[in-house]
Amino acid sequence: MAINSTGLQPGQGAGDDPDRSHTPSPAVVEAFASTSLRCVECSALYRAIEAGQPPRYRCDCGGVLDVEMVFRLPSESGLSAQDATCGLGPDGDCAPSAGAAWRQLFDERAANPPIWSISTDKHLLDCSGVWRYRELILPAPEHYVVSRPEGNTGLYPVGIENCGPSRAGHRQIGVYAGLERFFLKHEGENPTGSFKDRGMTVGVTMAHLLGATAVACASTGNTSASLASYAAQVGLRGIVFLPAGHVSGGKLAQSLAYGAQTVQIEGDFDDAMRLVERVCNELGVYLLNSLNPFRVEGQKAIGFELLQQLDWQAPDWFVLPAGNLGNTSAIGKAFRQAYELGLINHMPRIASIQAVGANPFYRSYMQGFATRESMHADTIATAIKIGNPVSHSRARRVIEESDGVVEQVTDEEILAAKAVIDRAGIGCEPASAATLAGVRKLVAQGVMKRDERVVGLLTGNLLKDSKTGMAQQAHGPVVAPTFDAVRSVLLS
Ligand code: F0G
């Protein structure tokens, strides 16, 4: 069923807007002419957009799809197009100068002040930490872009050596990890409080330019909050499928407040995921889980922005929590593309960290990826409580290509690491703390060396889940409104 016939009943939202009941314009089809979708399993190739056809989320063989496109420097940049192609030399070595034109383009855009003029769309794009890299993300005509803007998240030096004199508190994180040069990139500083906004700005832009009337996802809470926000911005109907009773209050509140239709499923994330894919295909709703290959393209921007913040000096390691594996796939792809374009001169090794109770990717890795594992997941880190990750094959490629590792950590280790991040004044939601727990474990095992340059990803804001692991510091004492009462508390 084509996306221009939503299949949903009339009178249920933006589906009635006649302006949206159209197939993609010839200009949109033309803009995507050199963009394709390749099956990760069998390498079959499809057009990214086919006029009159419903969007494709999987290959005919059932495999997930990966976006392929030709990167071109914008003609108005005046930079040499010769540098726009692959920066690898004939023997696979990286030509260090090849990425200079790209670096110049992105550095000029980032030099704009971090505030934006609301009267110029172009400036808005440059101020987004996703659309600043638009030539590497999506060839969308600019007026379709739906952006808050997002990205531009902090990169905190927290290592024993690199934290600097004014960061004694942050240094405790480096001490806990056992690393001299350690950074944390905080994606919880995005507009809806998680990294999902990076993929969602691209996913909702795709929905917009395809003329979709409704968008949907299954979620452990962050994707749904992000979808709800971006769908509301452009007036699309948002539908989110959540595992009932397994989504933190803060995330559920966001989806409801932003006005998405919230369907709570008696089941887990994997049940919700299975259902939403079928609903989208049969009812003509645009799917915005990371099964949608364009969302993965948006999340690549975490990698590009991080490299730019490090002045294009790639770290030795990049560490992140892993659930549905969209982020592992996206950031690994970004590093590979940055290397191929000559933006950086080596690929960081990637470490994906799972919770012990939700560790299908780890189990598979431990068998040399001989089998694909799935399980019933259980962990206090609800964001990564996923037993059958959709992006397994994409992420496997990333781990293999980057000489990466997959590690697991217990819920106790996650909570202990979260307390360290929180007490340093940075804070994060429980799933994010798997990053620090994983780093500490890998350093202790000697896999990661004390003097290696490591970047860890914090994926969600502290306020997303302000209950889990917080009991010990939940409430301070309540005292009488007198100086003596306050003094006795402070001096006790
Ligand atoms: N951290 C947080 C805070 C998340 O919300 C998620 C995923 C992950 C890590 C794992 O990332 O799935 O790309 O491996 N949350 C999804 C959601 C599943 O629905 O919000 P992944």
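The values are calculated or read from the model by the stated rules, or taken from the named source; none is laboratory data. A quick note: this is a predicted structure, and the numbers were derived from the prediction, not measured. Note: ideal-geometry Cβ built from the backbone for every residue, glycine included; neighbour counts use all protein chains shown. Keep in mind that these areas ignore ligands, DNA and RNA; they rest on the heavy atoms of the full protein, side chains included. Shrake-Rupley method; radii C 1.70, N 1.55, O 1.52, S 1.80 Å.
For segment 295-318, what are the residues that are open to solvent by 10 Å² or more (accessible area, probe 1.4 Å), touching a residue at least 24 places away in the same chain (Cβ under 8 Å) and either more than 18 Å from ASN345 (Cα to Cα) or not aliphatic (A, V, I, L, M) (or both)?
Answer for segment 295-318, where residues must be open to solvent by 10 Å² or more (accessible area, probe 1.4 Å), touching a residue at least 24 places away in the same chain (Cβ under 8 Å) and either more than 18 Å from ASN345 (Cα to Cα) or not aliphatic (A, V, I, L, M) (or both): GLN308, GLN309, TRP312, GLN313, ASP316.
Find the residue count for segment 419-437, including only residues that are over 16 Å from GLU187 (Cβ atoms) and either in contact (Cβ under 8 Å) with a residue 60 or more places away in the chain or touching a strand residue (DSSP E or B) at 6+ places or on another chain (Cβ under 9 Å) (or both). Even if it seems obvious, please write down each step before you answer.
We begin by selecting, within segment 419-437, every residue over 16 Å from GLU187 (Cβ atoms); these are 419-420, 422-425, 437.
Now restrict to residues that are either in contact (Cβ under 8 Å) with a residue 60 or more places away in the chain or touching a strand residue (DSSP E or B) at 6+ places or on another chain (Cβ under 9 Å) (or both): 420, 423-425, 437.
Residues in segment 419-437 being over 16 Å from GLU187 (Cβ atoms) and either in contact (Cβ under 8 Å) with a residue 60 or more places away in the chain or touching a strand residue (DSSP E or B) at 6+ places or on another chain (Cβ under 9 Å) (or both): 5 in total.
Out of everything in segment 334-348 that is open to solvent by 10 Å² or more (accessible area, probe 1.4 Å) and outside any loop (DSSP other than H, G, I, E, B), what residue ends up being nearest to GLU135 (Cα to Cα)?
To start, the set of residues in segment 334-348 that are open to solvent by 10 Å² or more (accessible area, probe 1.4 Å) comprises 336-337, 339-340, 345-347.
Those still in the list that are outside any loop (DSSP other than H, G, I, E, B) too: 336-337, 339-340.
Numbers: ARG336: 16, GLN337: 12, TYR339: 16, GLU340: 15 Å.
Ranking the candidates gives GLN337 first.
Look through SER352, SER329 and report the one residue that is under 19 Å from LEU136 (Cβ atoms) and near the ligand (Cβ under 10 Å from one of its atoms).
Answer to the check: SER329.
Scan segment 359-378 residue by residue and report those that are assigned to a helix (DSSP H, G or I) and closer than 14 Å to ALA395 by Cα. Quick ask: steps written out before the conclusion?
So in segment 359-378, the residues assigned to a helix (DSSP H, G or I) come out as 360-366.
Hits for segment 359-378 are PRO360, PHE361, TYR362, ARG363, SER364, TYR365.
I'm told GLN233 meets every condition in (1) assigned to a loop (DSSP other than H, G, I, E, B); (2) surrounded by fewer than 24 Cβ atoms within 10 Å (Cβ to Cβ) except one. Can you identify the failing condition by its number?
Here GLN233 meets the rest and fails (1).
Mind listing just one residue for me: the one in segment 296-323 that is out of contact with any strand residue (DSSP E or B) (no Cβ under 9 Å at 6 or more places or on another chain) and charged (D, E, K, R) and, of those, farthest from the ligand (Cβ to nearest atom)?
ASP311
Residues are listed down the side, and each one gets a yes or a no for (1) at pLDDT below 95; (2) open to solvent by 10 Å² or more (accessible area, probe 1.4 Å); (3) hydrophobic (A, V, I, L, M, F, W, C):
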residue	(1), (2), (3)
ILE137	no, no, yes
HIS143	yes, yes, no
GLU150	no, no, no
ARG171	no, yes, no
TYR176	no, yes, no
ARG181	no, yes, no
LYS185	no, no, no
THR192	no, no, no
PHE195	no, yes, yes
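If we scan segment 432-452, do we find a residue that is open to solvent by 40 Å² or more (accessible area, probe 1.4 Å), within 26 Å of ALA322 (Cβ to Cβ) and small (Gly, Ala, Ser)?
Within segment 432-452, one or more residues are open to solvent by 40 Å² or more (accessible area, probe 1.4 Å), within 26 Å of ALA322 (Cβ to Cβ) and small (Gly, Ala, Ser).
To keep it simple, each residue is scored yes or no on (1) within 19 Å of SER466 (Cα to Cα); (2) of a type outside the set (Val, Ile, Thr); (3) within 22 Å of the chain's Cα centre (by Cα).
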residue	(1), (2), (3)
GLY221	yes, yes, yes
VAL234	no, no, yes
GLN254	yes, yes, yes
LEU287	no, yes, yes
SER290	no, yes, yes
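Would you point out which residue out of LEU275, LEU242, LEU227 is at pLDDT 95 or above, part of a strand (DSSP E or B) and closer than 23 Å to SER391 by Cα? Explain how you work it out, then say what you get.
On the way: LEU275 fails: part of a strand (DSSP E or B); LEU227 fails: part of a strand (DSSP E or B).
The match here is LEU242.
Just give me the residues in segment 24-59 being open to solvent by 50 Å² or more (accessible area, probe 1.4 Å) and out of contact with any strand residue (DSSP E or B) (no Cβ under 7 Å at 6 or more places or on another chain), in sequence order.
PRO26, ALA27, GLU30, ALA33, GLU41, CYS42, SER43, GLU50, ALA51, GLN53, PRO54
Return yes when TYR365 is within 16 Å of the ligand (Cβ to nearest atom) and either open to solvent by 30 Å² or more (accessible area, probe 1.4 Å) or charged (D, E, K, R) (or both) and no when it is not.
It is true that TYR365 is within 16 Å of the ligand (Cβ to nearest atom) and either open to solvent by 30 Å² or more (accessible area, probe 1.4 Å) or charged (D, E, K, R) (or both).
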